[in-house]
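J.: I am attaching a structure below and will ask some questions about it afterwards.
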Amino acid sequence: MLTKTNSPNVTRQAPAKLNLFLHINGRRADGYHLLQSVFVRIDWCDTLHFERTTDGCITRADLSNETGKPLPKVDLSVRAAIALQAKTGVTDGAHIKLEKRIPSEAGMGGGSSDAATTLLALNELWQTGLSLDQLVAIGMTLGADVPFFLYQVDAWVEGIGEKISPIDLSKLPIASRFVVVKPPSGVSTPSVFASPVLARNTKTATIEGFAAWTESNASQQYLEPFGCNDLQPVALSICPDIQTALEWFEAQGLIGRMTGSGSAVFAPIPDTYALTTAPSLPAGWFCRICSRITP
Ligand code: C5P
């Protein structure tokens, strides 16, 4: 049940995601790729403030931007608002104030999370009454990762990103903290998916197989994770900084893995891990310890 509000303003956090693994199992006739992945939300968040207006206009002001890259005027939050207006015929408008922290071209889903957060918030503010399924249908037109963020749960994700099965990671020995590194250079998602050398034939896995592997490798959880990220070899060839990131992890005895189509790289860490003892990174790199968002 989606909540309703009478207040003209709401503020929401839009979390980033990590792909614990990402397999490409095939390609559809329309060019989109069939994938399997476990998506988790982490506490590296954008903050969005929404104000309902009566003029029908959608406007955005960037209160802050820590990413070092300006956003396009019509970013995914504005596009989401326009799409919801078009679908519902609502005559209200909205002013969105954004505190941008999630880097772009990182594989962390920042734009998709902003879009999902906008759909959920404005569906409340405008009292448009769409169901989650209806919001997911709009979300899919904005980006393949948007449905995941609309569900607001950790998930086993399939199809091209629209088949979401909630997964209860509290029952599995999955790390709750990660160190996430984002080089200054980014990777364009379409260029990775379009690569002629991308492997698209990974065997289909199951949630049960993932859970069983995780349980039988519990003592390994800070080392070799389940599966792999099939997009990583292609992204590495486009963005050599990813190799530097992987080596930074290796120097600490950690196995880094790219999230999404990169260029951010992450590794699970034990509670004792501290960045103060980690090797330094070149200027302009982002590095954060993040926690999974638990329900
Ligand atoms: O949907 P999104 O904007 O995240 O995807 C960017 C591009 O990545 C798509 O236009 C498509 O070329 C490619 N993609 C894909 N298969 C997916 C997701 C994305 O081929 N499952």
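The values are calculated or read from the model by the stated rules, or taken from the named source; none is laboratory data. Owing to the predicted nature of the structure, the values given are computational and were not obtained by experimental measurement. Cβ coordinates were reconstructed from backbone atoms using ideal geometry, including for glycine residues, and neighbour counts include every protein chain displayed.
J.: State all residues of region 237-295 that are surrounded by fewer than 19 Cβ atoms within 10 Å (Cβ to Cβ), in contact with a strand residue (DSSP E or B) (Cβ under 7 Å, 6 or more places away or on another chain) and among the small types (Gly, Ala, Ser); if no residue qualifies, say none.
T.: Passing the criteria: only Ser291.
Residues checked against (1) over 19 Å from Val180 (Cα atoms); (2) assigned by TED's automatic domain parsing to the domain that holds Asp230; (3) outside any strand (DSSP E or B); (4) free of Cβ contacts under 8 Å to residues at least 12 places away in the same chain:
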| position | (1), (2), (3), (4) |
| --- | --- |
| Lys17 | no, no, no, no |
| Ile24 | yes, no, no, no |
| Ile42 | no, no, no, no |
| Val74 | yes, no, yes, yes |
| Ser77 | yes, no, yes, no |
| Lys87 | yes, no, yes, no |
| Glu99 | yes, no, no, no |
| Met108 | no, no, yes, no |
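J.: Let me ask you something else. Being under 8 Å from Ile96 (Cα atoms) and touching an Asp or Glu at 6+ places or on another chain (Cβ under 8 Å) is the filter here, so list the residues in region 50-71 that pass it.
T.: Within region 50-71, Arg60 is the sole residue that qualifies.
J.: Further, regarding this structure: Taking Thr141, is it modelled with pLDDT of 95 or more, closer than 19 Å to Val74 by Cβ and among the polar types (S, T, N, Q)?
T.: yes
J.: Could I ask something else about it? Exactly one of (1) surrounded by 17 or more Cβ atoms within 10 Å (Cβ to Cβ); (2) more than 17 Å from Leu18 (Cβ to Cβ); (3) within 16 Å of the ligand (Cβ to nearest atom) is unmet by Lys163. Its number?
T.: Condition (1) is where Lys163 drops out.
J.: What number of residues within region 54-94 satisfy the criterion of being in contact with a Cys (Cβ under 9 Å, 6 or more places away or on another chain) and closer than 14 Å to Thr117 by Cα?
T.: 1
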